[in-house]
Amino acid sequence: GFRAVSFTLHTRDLLSTVLDILNSCSLSTEHIQSLNVNSQPHKEAKSTLNRPIKWDKTYYSFTGFKDPEEELEQAQRVETTLISWLDGNEASAVKKLKKSLPLRKELERLKFELSHQLQLSDIRWQRSWGIAHRCSQLHSLGRLVQQRPEVLKHVKGRTVVFTDRSGMSAAGHIMLGTMDVHHHWTKIFERLPNYYKLQKRLLFLEDRISQLLGGIQVIYIEELQPLLTLEEYYETLDNFYNKLCDSRLPFHPRSLRGLQMILESDRYAPSLHEFGHFTIPTVCDPATLQWFIFAKAQEARENLKRKEEMMITEKELIDTSTEKFSLDRLYKEPSVSSAQMIDCCKRLLEESLPYLQGMHLCISHFYSVLQDGDLCIPWNWK
C-alpha cells in the first residue's frame, strides 16, 4: 500500500537533498553514497519548517492549476445553492450554448450520415469530449470511409465507440482510439472477423459459467464496469470458469434462473447491487460465493423487480422535468444512480427555474458549466 511521507529541504546542495528525500521515504542510500560526487557538507537546519511553497497568483493563472488559498476561501464562504449558482452562471452557459449550436447540428448530421452509410447500430463516445472534438473524430472516420471503403464491410449492425484505445470492447462494440491514426483503425476493421469468432467463444463461456452456477446469467454492464477489451474480458471469464470447474460447487440446475451477475477483478468481496445483479470478484472463494448467492437470492429478485419500476419512474420524471422547464436536454452522468436521479428530479419539480429554458442540464456530483454550455449540477443540490 501507499503511505504519506513529508520532508523539508535543508540545503541547496543536490546530493544532500536527494539523500534527505530517500531517508524520509525509508529507501536505501548506499548506491548514492558510493558515487564520487563533490558535495558540500550536510548542514542541519536549526529548525524544521513544515510549510507549503507559496506561489505568486500569476503562476496559477498561467498554468491553470488551482490556487489552494482561493479554494480554501471558497470553501469557507456560504454554501452554494442552486439558485445562487444559476444566477451567477446562466449568462456564461447561454453564451457558450449559442456558440456551440452550429457545431451541434453538424455533429448530428455527421452521425446520421455515417450511421446510415455504414448501417451502424449507433455511434457513441466513452468520455465527455467537447462537440468540436466529436465532430473532428467523425470527420476522421468519414475520410477513412472514402479512402478505404472495403475495410468497413464487416461493421453492419455494430456500435462504434470513440474511446482511449482501439479494439473491440467486452460489450462487442468497435472501439476507435482517438489518439490512433487511420492505420490503426484500418487494422481493427480488418480484424473484425476474428473478433466476431472470439465473441462467439466468449458467449459460449458465459453460458458454461451460467450452467455451473444454477442458471444465473453472466452480464457485462458498460456503465458500471471498467472498459475492457474483448480479449481482457475473455481471459477474465476463462480464469473464473476454470476456478469453478475445480471447485465443483453443488448448485441445483436452473435454481438461479432469472438472476444476474457481473465479474470484476478489482474487488475482493461479493456484493448485491441496488439493481439486483451480483457483483462477484474473480478472486472470490467458491464457498463464499455459494453462500453469498444463496443468502441474497431472494433480495436480488426483489431488487430486479424494483429496478424495472425505478427505470420507468426515472424516465417519467426526466420527461416531466424537461417539459416543465422547457429544457433542450436533461441527462445524467453514469456515476449518478437512478435513485439519486429520481430524488433530484422530484425536488427540481418543486422549484420555479426560468433560467433553465432551452438549456442542456446534466445531473452530476458537482457544479460546472461545460465548454459547450451544458449546465452541470449535483444531484443533491441545496
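The values are calculated or read from the model by the stated rules, or taken from the named source; none is laboratory data. On a predicted model such as this, the values are computed, not experimentally measured, just so you know. As a convention, Cβ positions derive from the backbone with ideal geometry for all residues, glycine included, and neighbour counts pool all protein chains shown. Areas reflect the complete protein model, heavy atoms only, side chains present, ligands, DNA and RNA absent. Shrake-Rupley method; radii C 1.70, N 1.55, O 1.52, S 1.80 Å.
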Of the residues that make up region 348-359, is at least one in a strand (DSSP E or B) and open to solvent by less than 10 Å² (accessible area, probe 1.4 Å)? no
Residue pairs meeting the criteria (Cβ under 8 Å; at least 6 apart or on separate chains; first over 17 Å from H360 (Cβ atoms) and free of Cβ contacts under 8 Å to residues at least 24 places away in the same chain, in region 109-137; second surrounded by fewer than 15 Cβ atoms within 10 Å (Cβ to Cβ) and not small (G, A, S)): S115/D122
Taking T229 as the residue in question, decide whether it is in contact with a His (Cβ under 9 Å, 6 or more places away or on another chain) and closer than 30 Å to F112 by Cβ. no
Complete set of residues in region 173-197 that are over 20 Å from Q147 (Cα atoms) and either modelled with pLDDT under 95 or touching a strand residue (DSSP E or B) at 6+ places or on another chain (Cβ under 8 Å) (or both): H173, Y195
Given the conditions (1) buried (at least 17 other Cβ atoms within 10 Å of the Cβ); (2) under 17 Å from I216 (Cα atoms), which single one is not true for E299? (1)
All but one of (1) within 28 Å of the chain's Cα centre (by Cα); (2) under 30 Å from S136 (Cβ atoms); (3) at pLDDT 80 or above hold for T80; state the number of the condition that does not hold. (2)
Taking the condition assigned to a helix (DSSP H, G or I) and open to solvent by less than 20 Å² (accessible area, probe 1.4 Å), does F240 pass? yes
Residue check for E44: open to solvent by less than 100 Å² (accessible area, probe 1.4 Å), modelled with pLDDT under 75 and not aliphatic (A, V, I, L, M): no
hydroxyl-bearing (S, T, Y) and either surrounded by fewer than 16 Cβ atoms within 10 Å (Cβ to Cβ) or over 30 Å from V336 (Cα atoms) (or both): is that true of S247 in this structure? yes
Spot the failing condition for F278; the list is (1) touching a residue at least 60 places away in the same chain (Cβ under 8 Å); (2) surrounded by fewer than 18 Cβ atoms within 10 Å (Cβ to Cβ), and only one is missed. (2)
Check on R254, part of a loop (DSSP other than H, G, I, E, B), more than 17 Å from I221 (Cβ to Cβ) and charged (D, E, K, R): yes
Of residues in region 111-128 being surrounded by fewer than 16 Cβ atoms within 10 Å (Cβ to Cβ) and under 21 Å from the mean Cα position of the chain (by Cα), the one farthest from H184 (Cα to Cα): S128
Could you tell me whether region 326-339 includes any residue that is within 20 Å of T80 (Cβ to Cβ), open to solvent by less than 20 Å² (accessible area, probe 1.4 Å) and not polar (S, T, N, Q)? yes
Find the residue count for region 361-382, including only residues that are touching a strand residue (DSSP E or B) at 6+ places or on another chain (Cβ under 7 Å) and acidic (D, E). 1
Which of the residues that make up region 89-110 are farther than 30 Å from H173 by Cα, surrounded by 12 or more Cβ atoms within 10 Å (Cβ to Cβ), over 26 Å from the mean Cα position of the chain (by Cα) and not polar (S, T, N, Q)? E90, V94, K95, K99
Single residue of region 190-233 satisfying the filter (in contact (Cβ under 8 Å) with a residue 40 or more places away in the chain and part of a helix (DSSP H, G or I)) that is most open to solvent (accessible area, probe 1.4 Å): Q211
Within region 302-325, considering residues that are part of a helix (DSSP H, G or I) and over 27 Å from the mean Cα position of the chain (by Cα), the one farthest from G358 (Cα to Cα): E302
